[in-house]
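The block underneath contains the structure these notes are about, expressed in structure tokens.
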Amino acid sequence: MRRARSVLRCAAAALATFAAAPSLLRAQDTPPDLSGVWQGRLTNVPALPGAAPVNVTVEIGPLPAADGGCTPWRTVYVEGGTVRQVKDYRLCRGSGAEDLYLDEGDGTRLVARWIGEVLVLPFKVGDALVVSSIRLRGVFLEEEILTVQDRPAVQGVQPLVPRSIQRLVLRRRPI
């Protein structure tokens, strides 16, 4: 019990440090260039039994440089040579470089923020908390989507049960 309290105090101190120094979490000065056509594969962890491989193509326009601007963010999922899903979204800029959102086109807008070199999009749907993290890692564009079973808030620490990770590893297609 003492060890758990000690860990909680350390975690609280770390959070207080970040809260006191917002520049550590601010949007980076120059976001990475995500524009282009990216191709690769989707992996689910844990793997779905009997699931066929899913190839993915993501087309991203240049990041919006001005307030009110949007850029295409289109994702196509192909399974067994057949297109299974197309997501025609737009990454938009509201008021200022830190005010970003993913417009799903049906009235749904997911808040997006650069934290360091990672574009983070957290949201809830049903009983799930979902956090998407998108980053360039060398020549690869990686998106990792963590899904966690959500619970009502309580005082103190609320353990949550992780459900799955969906991972996209994509390589920019040459022009």
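Bear in mind that the values in this text are calculations on the coordinates, not laboratory data. These numbers come from a predicted model, not from an experiment. Because the Cβ atoms are built from the backbone with ideal geometry, glycine has one as well, and the counts that use them run over all protein chains shown.
For region 51-163, the normalised intensity computed at q = 0.18 Å⁻¹ comes to -1.09 (log10 of I(q)/I(0), Debye sum over alpha carbons, equal scatterers, no solvent). Farthest toward the positive end of the dipole of region 27-172, out of 73, 115, 159, is the Cα of 159, where the dipole comes from beta carbon charges about the Cα centre.
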